[in-house]
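Participant: First, the structure itself, so that you have it in front of you.
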Amino acid sequence: MTDKNSQSAVSTCIDRRGLLGAVGGGMAALAGCSNIGGSSNGTASEPTATQSPSSKSDALKSLTFEPKPDTSPQIIAHVELAEDSRITQIGLINGMGNEVHRAFISANETVASFLVARIGDDPSKRITRGENTLVLVGEETDVEIPVTYSASLELRGVIGPDESDEFPPSHRRNRRHIGLIVENTGQHADIAQKVVSKDGPHTEAFDKTTHEYDLDSMIKPGERKLLPVRNYLAELFECSESYTREASMTLQSAFSEQVPFTQTFSYNPTENSCSLSLKGNYTVVEQMETKTP
């Protein structure tokens, strides 16, 4: 994720002071490392500076995050600088203290864009939920600016195979799947990564009690989306008698808390197969308490 035009790579485990020392040429005094905040919409606010606050506050005009859903979801940061800022280096430090990006630009440039998250990135190498730090270094500027990344993915519903009309056309050919309805109530995009199921639908057909299904789907802020979960059901499955099973599942995403929930499934024998349906509502498990919608 480091810019290809950057100088020799620094360690990915570099703290705020280390980055400022590296890109700023070794500064004698650094202030504000412990006073970190930020606005909920991702726009930097109240920058902490090493020189006069007036010059540093005006260096950054805006910082926004753009979700790129496409085939491989990505999140791009767009930085707009003041015309007279003379910034030449931009660094982003995540909440773990690791460098996500470092770019070198011309002192006359006022815009820059770079990748801050993508599918498959280790959490230590991408922007993190909550507190992050933007570092700007220029001819007369060395400043840290707190930035908050806020996403919140919530489970709104579970649908079964008998509700196949809810699914996109490409998923209606086979009724042996379930779906999760999720909503991002945060200020920034999230990436739904996978669902982990214990004692879920037809897991015995996979000869295992726990199964993972990759989602890899971008959910924009304010968006409600149906996520098909097809591979929980084997293509060939039979049952000799009717029974029910409660599955424990966990929805995992890049920037939100895990969502553990339970759902009961009903199995009934049919000709050469076994029909599956939902029984009752799902229940979200919240720490020591449970909540049924």
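The values are calculated or read from the model by the stated rules, or taken from the named source; none is laboratory data. Keep in mind it's a predicted model, so treat the numbers as computed, not measured. So basically every Cβ, Gly included, is an ideal-geometry build from the backbone, and we count neighbours across all protein chains shown.
Participant: Kindly check whether there is at least one residue in segment 109-131 that is over 18 Å from SER253 (Cβ atoms) and surrounded by 21 or more Cβ atoms within 10 Å (Cβ to Cβ).
Facilitator: Looking for residues that are over 18 Å from SER253 (Cβ atoms) and surrounded by 21 or more Cβ atoms within 10 Å (Cβ to Cβ), one finds none in segment 109-131, hence no.
Participant: When you look at ARG102, is it over 30 Å from GLU223 (Cα atoms) and either of a type in the set (A, V, I, L, M, F, W, C) or in contact with a helix residue (DSSP H, G or I) (Cβ under 8 Å, 6 or more places away or on another chain) (or both), yes or no?
Facilitator: yes
Participant: Which of the residues that make up segment 217-246 are within 29 Å of the chain's Cα centre (by Cα), part of a strand (DSSP E or B) and at pLDDT below 85?
Facilitator: Result: VAL229, single match.
Participant: Still on this structure, please answer the following. With the requirement that a residue be buried (at least 17 other Cβ atoms within 10 Å of the Cβ), outside any loop (DSSP other than H, G, I, E, B) and not acidic (Asp, Glu), what does segment 81-108 give you?
Facilitator: LEU81, ILE87, THR88, GLN89, ILE90, GLY91, LEU92, ILE93, VAL100, HIS101, ARG102, ALA103
Participant: Name the residue that is surrounded by the most Cβ atoms within 10 Å (Cβ to Cβ), counting only residues in segment 260-278 that are of a type outside the set (S, T, N, Q) and at pLDDT 90 or above.
Facilitator: The residue in question is PHE261.
Participant: Looking at segment 175-216, which of its residues are modelled with pLDDT under 85 and of a type in the set (Gly, Ala, Ser)?
Facilitator: Passing the criteria: SER197, GLY200, ALA205.
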